[in-house]
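What follows draws every value from the coordinates through simple rules; no lab data is involved. Everything quoted here is computed from the prediction, not taken from an experiment. All Cβ positions, glycine included, derive from the backbone under ideal geometry; neighbour counts span all protein chains shown.
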Amino acid sequence: MKMQLFGLMWGLILFPAHLPAAEPRPNILYIMADDHAAHAVSAYGSKLIKTPNIDRIASDGMRFDLCLVTNSICTPSRAAILTGKYAHINGVPVFNRFDGSQPHLAKYLRAAGYHTSMIGKWHLGSDPTGFDYWKILPGQGVYFDPVFLAQDGKHKYSGYCTDLITDFALEVLKNRPRDQPFFLMCHHKAPHRPWQPDDKHRKQWESVSVPEPETFNDDYATRSDAAREATMRIDRDLTKGDLKAAPPKGLSEAELKKWKYQRFMRDYLACVASVDDSVGRLLDYLDQSGLAENTIVVYTSDQGFFLGDHNWFDKRFMYEESLRMPFLVRWPGKIKAGSTNDGMILNVDFAPTLLDAVGLKVPADMQGRSFLPLLRGERPKDWQTSMYYRYYHYPQDHRVQPHYGVRTAQYKLIYFNKIDQWELFDLRKDPHELKNLHADPAYAETIKTLKTEMYRLKKELKDENQFENELPNP
């Protein structure tokens, strides 16, 4: 009896009754669109569209103004986001199969007691691993009456893809185990090409006049051959399937280009509007169910996208519209509402940040870095001020030359390694990247400094030119 009393007293000393219970681990709702450019989000000041529901995440949390992708193409970016590693390390430089046996974010969270789910566009060539539940589109999937793959097989559903992905995500939230925190990845197909909106949003946009970008008539005068040779121009490379209608007769060359741009952009923005509505449905459920207060919500895209900028659609290049990703995050009580952050973050940083946020140790082999301090409003003195980019996929799909480069706060140096051509841009003086300064002797020292930094990063990241000569076909 005395021993029992002694044990009880010792327990009260070690764990006083007045101490609060351990804070519950946060849930994570990770929402990602496909090819949604930051300049098509009104929280980023877009002149193209209003996205009130996506903006709710920014107004309740933080907007990152310098979120950058390390390889601007769908499959490699998704692999980098999951693994926290660059393409040459995780094995996905182009559209090759993701090796699901390797460790990644969902596996770490699942091992730590999270219920993990993946809904929507996976696009990694292999079945998801590390998820308790998954329901994914095969490959790119289709917009209308899509087939989904799940653990129990293949099923076709009637309806619009964006709505169905949201329906399935809500089902996961409603039927989740109540004794576990959740990690839900909700990946939309939209607004990926061929930009097929549902009737509701198509009708809303069919008569809208979309403003043209400042660089719409770019002539690539000072750029490398890569810029001139890329086959993703509004005036010549949009297909009948993209445009969905024959142009009016009698249009001049300039008028036809404008007509094509309007057709493309109305459909693209209508697809974005449907995603925004779906984000609102998910946020409303979190509010109504009492989950909002302890759920980290992220909205992002797998990369940027050209929206007529430089007369282009698609992505791939290291130029700003393709390189920049939207990244909005809210975490009530942890992130200051309505805050912005200009710290440089990369898609390889997402996984370590989410692990860090829930109290897990970031694995030593992850190449990304947690930006949890930035979420708290702090800026470490040694925070990254430069980033390394590498694109491999050529010549398939748009003939964008392979290249790598470095971006700092002020400068961007790009090397098109197959054709041995360089580009340098001063982003403060030339934010639209119209004037290549590489041949300007006034920038000789700047180029030397940037090359040193680029090769330092290349070595640090262990990029030893894997996949240089032989790339798998998509």
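Starting from the Cα-Cα distance between residue 225 and residue 464, subtract it from 0.36 nm times their residue separation and give me the gain in nm to one decimal.
83.5 nm
Ranked by the mean number of other Cβ atoms within 10 Å of their residues, highest first, the peptides 356-369, 312-325, 85-98 come out as 312-325, 85-98, 356-369. With Cα atoms defining each centre, segment 24-102 and segment 259-277 are spaced 20 Å apart in the structure.
Treat the count of other C-beta atoms within 10 Å as a stand-in for reagent exposure and order 426, 145 from fewest to most.
The fewest-first ordering by Cβ neighbours comes to 145, 426.
Defining a contact as two alpha carbons under 8 Å apart and six or more residues distant in sequence, what relative contact order in percent does segment 122-182 show? List each step's numbers first, then the result.
Working: 61 pairs, mean separation 12.7, N = 61.
Across segment 122-182, relative contact order equals 21 percent.
Tell me, how many Å apart are the Cα centres for segment 304-332 and for segment 177-251? Going from one Cα centre to the other spans 12 Å.
Near residue 461, within a Cβ-to-Cβ distance under 10 Å, what is the net charge of the other residues, with Lys and Arg +1 and Asp and Glu -1? That works out to +3.
Can you tell me, using C-alpha contacts under 8 Å and at least 6 residues apart, the relative contact order of the chain as a whole percent? If you can, show how the numbers build up before the last one.
Details: 935 pairs, mean separation 110.7, N = 474.
Result for the chain is 23 percent.
Taking the fewest neighbouring Cβ atoms within 10 Å as the starting point, the ordered list for 260, 50, 154, 458 is 154, 50, 458, 260. The loop-placed chymotrypsin sites (Phe, Trp or Tyr not before Pro) in segment 342-383, going by DSSP, that have at most 14 neighbouring Cβ atoms within 10 Å of their Cβ come out as 383.
The local environment of residue 118, defined by Cβ-Cβ distances under 13 Å, has a net charge of +3 under the rule Lys, Arg +1 and Asp, Glu -1. Where does the charge balance sit around residue 318 when Lys and Arg score +1, Asp and Glu -1, over other residues with C-beta under 13 Å from its C-beta? Around residue 318, the charge tally is +3. Each of 59, 209 has some number of other Cβ atoms within 10 Å of its Cβ, and from fewest to most they run 209, 59.
By average Cβ neighbour count within 10 Å, what is the ranking of 403-410, 232-239, 373-380 from highest down? Intermediate values should be presented prior to the final figure.
Details: 403-410: 19.8, 232-239: 17.0, 373-380: 14.8.
Highest-to-lowest ranking by the protection proxy: 403-410, 232-239, 373-380.
For Cα extents along the principal axes in Å, computed directly from the structure shown, the correct entry in (1) 97, 56, 41; (2) 74, 57, 49; (3) 72, 48, 46 is (1). Scoring 328-340, 35-47, 433-445 by mean Cβ neighbours within 10 Å over their residues and listing the highest first yields 35-47, 328-340, 433-445. Working note: 222 nm ellipticity from helices only, DSSP H runs with n ≥ 4, each -39,500 (n - 2.57), summed and divided by the residues of the chain, gives -9000 deg cm²/dmol to the nearest 500.
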